[in-house]
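Each remark here refers to the structure printed beneath this line.
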Amino acid sequence: MIKGRVYKFGDNINTDDIYPGRYLSITTDREEMAKHCFELAYPDFLKTARPGDIIVAGKNFGCGSSREQAATCLKYFGISVVIAESFARIFYRNAINLGLPILIAPGITKRVEHGDMLEVDLEKGIVKNLRTNDEIKTIPLPSFILEILSEGGLVPYLRKKLGSGEKGGNK
Amino acid sequence: MGKTLAEKILSEKSGQDARAGQIVISRVDVAAFQDGTGPLGVRQIQKLKIDKVRAPKSIVFIDHAAPSPRRELSNDHMLLRDFCAKSGAILSEVGEGVIHQRLVESYVKPGDVVIGADSHTCTPGALCAFATGMGSTDVAIGMALGRTWFKVPETFKIEIKGKFQPGVGAKDLILYLIGMIGADGATYKALEFGGETIENMSMESRFTLTNMAVEAGAKVGLIASDKVTREYLKRMGRLKDWRPIVPDPDAKYEKVIEIDVSKLEPQIACPHTVDNTKPVSEVKGTKIHQIFIGTCTNGRIEDLKIAANILKGKKVAPGVRLIVIPASRMVFLEASKLGLLDIFVRAGGIILGPGCGPCVGVHEGVLGDGEVCLSTANRNFKGRMGNPEGFIYLSSPATAAYSAIKGVISDPREILKKKRTKRKG
């Protein structure tokens, strides 16, 4: 169960907003990447968001470029889960591949306010707003995706599945 | 029941009867990184302890920060060169050009499955390849194993008829379509462009359409492989790569969108989203500081010819900087041979080496606070060109070239009408 405070965004938040292009060369330094989340487009984020916060957003979250640094930086910042009305497809796949939990919840922006406390059950796909006691049903994640997330992403998941000796296959 | 282009290609590459909504495991013909996304992908391949890549054409393009403006990026480039030398991947060096232009010139053929760690990898869809952008990790695994999984997309048929007015073209059409359906109007879908206008459209213009499919959220933008495709591949010295691929007449489409372009006005995408499009008449007169003609959207020879035709013998307005970047070495050489580069320089412009240039905001033309750029690129997000205080408008090369002379956003039909009358007289 994930519990956290809501940081709320609108529609069409793009990957340039989330992680500016000029920092693309930073790919492994967790602290450094976390320092640039929303840095140019929404500078308040870095001043007021805290590790453990939950991002709630409108439709088409993560549209734009394919940079997976946009998902990684949120994970490194400590965002516990991103819940949006809908996601852009590349970001959605990236988030799962990199171990950042995400949920699609149509209508959520009308039922959750900035600063609300939420309780999120990823397995059941249920979000509870602790301010209003409102229970919001999301589209639950299939079990193999939950497994990838619990391993921390696709690469650690594959390493476990393939074993370390595997040289790639053309099965 | 018949199949769409997306279903046809994925059926062939997955070896099963692929239908919209299904999940298939497909062979990957081409897997590509660029220098912004490649270093992450390379590290993922190394983590999996895979030494040799399995995708038949695995290519790494150094184009986003080329030549490198900073030591961190120079070191990233070194990592990519080293990876190519050891893994069997092909290296496309600084100066060869933008990933999407290089893919269509030399690598992709009709019927291929192409994955690239860059969202505009949908560009080669105009050659009738199932080409899509993914993240670094997805491409790393596709490149390493020669396989990836796809959900077969539902298709929107985009049926285009009519003849463009002079000064109006493919860029105006795609901006108009994105404005109409919105930045998420086609999320997860395939766009299949067809109709008489597309049949008569040059390959260069077709690339402009499919390049921007992702700006409506689409997974791929596809066009049937026909005689125009054949002529293009012949011009590229790859006639043997051509084969015809057309959708079945009874293919099932989720939606059909019809557009008549005969009355279409030049379109402008206004700050800060691509779907914030307006006809040029509504934004005419907006003061501009920088004009950028280039990119994977509009840095091809046809685009440079259109711009040079307008700029020939003219001067860029005082206070305006004009940056022109041919999308590849091949385009650069042809523009040079045709005397186009000369026209741009004489008009007061500057020519930079093939690559992404100012489009990604890493180098070469970062905007100042409050400055306005009119660009032929595909994205105008806040901060895209390196400064969140800058304003980016998107247009066709014709609109960009004419606006450079006027110093404000202008309608290129004015000058092209004049030129026509002159020629007739």
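The values are calculated or read from the model by the stated rules, or taken from the named source; none is laboratory data. Source: prediction; values computed, not measured. Cβ placement follows ideal geometry from the backbone for every residue including glycine, while neighbour counts extend to all protein chains displayed. Only protein heavy atoms, including side chains, enter the accessible area calculation; ligands, DNA and RNA are left aside. Shrake-Rupley method; radii C 1.70, N 1.55, O 1.52, S 1.80 Å.
Within the range A:120-151, which residues are on the phi > 0 side of the Ramachandran plot and open to solvent by 90 Å² or more (accessible area, probe 1.4 Å)?
A:Asn133, the sole residue that qualifies.
Of (1) more than 24 Å from A:Ile18 (Cβ to Cβ); (2) open to solvent by 60 Å² or more (accessible area, probe 1.4 Å), A:Met117 satisfies all except one. Which?
That leaves (1) as the condition not met.
Filter the range B:71-117 for residues that are touching a His at 6+ places or on another chain (Cβ under 8 Å) and open to solvent by 10 Å² or more (accessible area, probe 1.4 Å) and give the result.
B:Val94
Identify, please: which residue in the range B:254-272 is in a loop (DSSP other than H, G, I, E, B) and open to solvent by 50 Å² or more (accessible area, probe 1.4 Å) and is, among those, nearest to B:Gly407 (Cα to Cα)?
So, considering only residues that are in a loop (DSSP other than H, G, I, E, B) and open to solvent by 50 Å² or more (accessible area, probe 1.4 Å), the one nearest to B:Gly407 (Cα to Cα) is B:His272.
Open to solvent by 70 Å² or more (accessible area, probe 1.4 Å) and more than 13 Å from every other protein chain (Cβ to nearest Cβ): is that true of B:Asp17 in this structure?
For B:Asp17, the condition - open to solvent by 70 Å² or more (accessible area, probe 1.4 Å) and more than 13 Å from every other protein chain (Cβ to nearest Cβ) - is met.
Of these, B:Ser26, B:Ser68, B:Ser74, which one is hydroxyl-bearing (Ser, Thr, Tyr) and closer than 16 Å to B:Val114 by Cβ?
B:Ser26
Mind counting the residues in the range A:14-27 that are more than 7 Å from chain B (Cβ to nearest Cβ) and outside any helix (DSSP H, G or I)?
Counting residues in the range A:14-27 that are more than 7 Å from chain B (Cβ to nearest Cβ) and outside any helix (DSSP H, G or I) gives 2.
Tally time: how many residues in the range B:171-199 are within 14 Å of chain A (Cβ to nearest Cβ), at pLDDT 95 or above and in contact with a Pro (Cβ under 8 Å, 6 or more places away or on another chain)?
Number satisfying all stated conditions: 2.
Spot the failing condition for A:Tyr157; the list is (1) away from every other protein chain (no Cβ under 14 Å); (2) open to solvent by 30 Å² or more (accessible area, probe 1.4 Å), and only one is missed.
Every listed condition holds for A:Tyr157 apart from (1).
Is there a residue being among the basic types (Lys, Arg) and either more than 9 Å from every other protein chain (Cβ to nearest Cβ) or at positive phi (or both) anywhere in the range A:64-83?
Yes - at least one qualifying residue is present in the range A:64-83.
Say we look at the range B:127-166 and pick out the residues that are among the polar types (S, T, N, Q) and more than 9 Å from chain A (Cβ to nearest Cβ); which of these is farthest from B:Lys189 (Cα to Cα)?
Among those residues, the one meeting the criterion is B:Gln165.
Which of the residues spanning the range B:28-38 are touching a residue at least 60 places away in the same chain (Cβ under 8 Å) and at the interface with chain A (Cβ under 9 Å from one of its Cβ atoms)?
Within the range B:28-38, the first condition is being touching a residue at least 60 places away in the same chain (Cβ under 8 Å), and the residues that meet it are B:28-34, B:36-38.
Selection gives B:Gly36, B:Thr37.
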